[in-house]
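These notes are about the structure you will find just below.
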């Protein structure tokens with residue numbers, strides 16, 4: 001994807017955002033409908049108790065932005081870049097308080113309870129969610145954007161404001177870390193083997209119909 005052009009779908013999303021900024025509520029409702037669950041899912045693994053509030057803050061920040069007509073890699077890169085900054089602001093204020101509350105023993109390593117907002121029906125997906133919750137925030141974010149949002153390395157780099165080579169490095173380290181944690185969580189050997197043999201496929205499956213995002 002070239003840095004000097006915006007895809008038709010992204011152009012439409014940016015047009016909706018500019019219309020929303022100009023006061024068109026219908027455009028705002030449409031843009032929110034398209035992306036609300038995606039942004040909520042982004043925060044669900046990071047800040048379980050504040051995911052909805054952070055999602056609302058993200059859309060508010062988008063509509064209040066002074067300039068969004070700059071050429072961007074994609075609308076998703078722009079949107080999740082805003083989401084990342086909202087999370088950073090949250091971490092500087094209230095994040096430490098929540099992090100102290102987000103521990104749950106799954107019979108293995110202590111992992112964050114944020115996985116409780118993402119409920120899977122398949123054992124393989126449950127195992128992978130638990131392993132994903134063990135990753136560092138930097139690695140988990142790259143995994144989310146690359147696998148769950150189907151963003152290219154270039155888009156992820158734009159959203160996180162890091163070099164594309166850093167995205168590649170973090171993805172490699174994340175895969176290694178996921179395999180390590182999967183091996184430590186002590187699940188059924190057949191379930192573990194299934195996930196290990198198709199780590200990419202099972203990671204992408206976490207946005208499928210068998211995984212429910214709790215919005216209560």
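The values are calculated or read from the model by the stated rules, or taken from the named source; none is laboratory data. If you're wondering where the values come from, they're calculated on a predicted model, not measured in any experiment. Every residue, glycine as well, gets a Cβ built from its backbone with ideal geometry; the counts of neighbours run over all protein chains shown.
Can residue 141 be described as touching a residue at least 12 places away in the same chain (Cβ under 8 Å) and either in a helix (DSSP H, G or I) or in contact with a strand residue (DSSP E or B) (Cβ under 9 Å, 6 or more places away or on another chain) (or both)?
Yes; evaluated as a whole, the condition is true for this residue.
Working only within region 25-64, note down all residues that are farther than 22 Å from residue 148 by Cβ and loosely packed, with under 14 Cβ neighbours inside 10 Å.
If the condition is that a residue be farther than 22 Å from residue 148 by Cβ and loosely packed, with under 14 Cβ neighbours inside 10 Å, then 25, 26, 29, 60, 64 are the ones that fit.
Which one is nearest to the chain's Cα centre (by Cα) among residues in region 119-138 that are outside any helix (DSSP H, G or I) and farther than 23 Å from residue 193 by Cβ?
Looking at the filtered set, the residue picked out is 136.
Can you name the number of the only condition in (1) under 13 Å from the mean Cα position of the chain (by Cα); (2) in a helix (DSSP H, G or I); (3) modelled with pLDDT under 95 that residue 150 fails?
For residue 150, the exception is condition (2).
Whether any residue in region 201-211 is in contact with a strand residue (DSSP E or B) (Cβ under 6 Å, 6 or more places away or on another chain), modelled with pLDDT under 95 and either under 24 Å from residue 78 (Cα atoms) or buried (at least 17 other Cβ atoms within 10 Å of the Cβ) (or both) is what I want to check.
yes
Mind checking which residues of region 176-202 are over 24 Å from the mean Cα position of the chain (by Cα) and outside any helix (DSSP H, G or I)?
186, 187, 188
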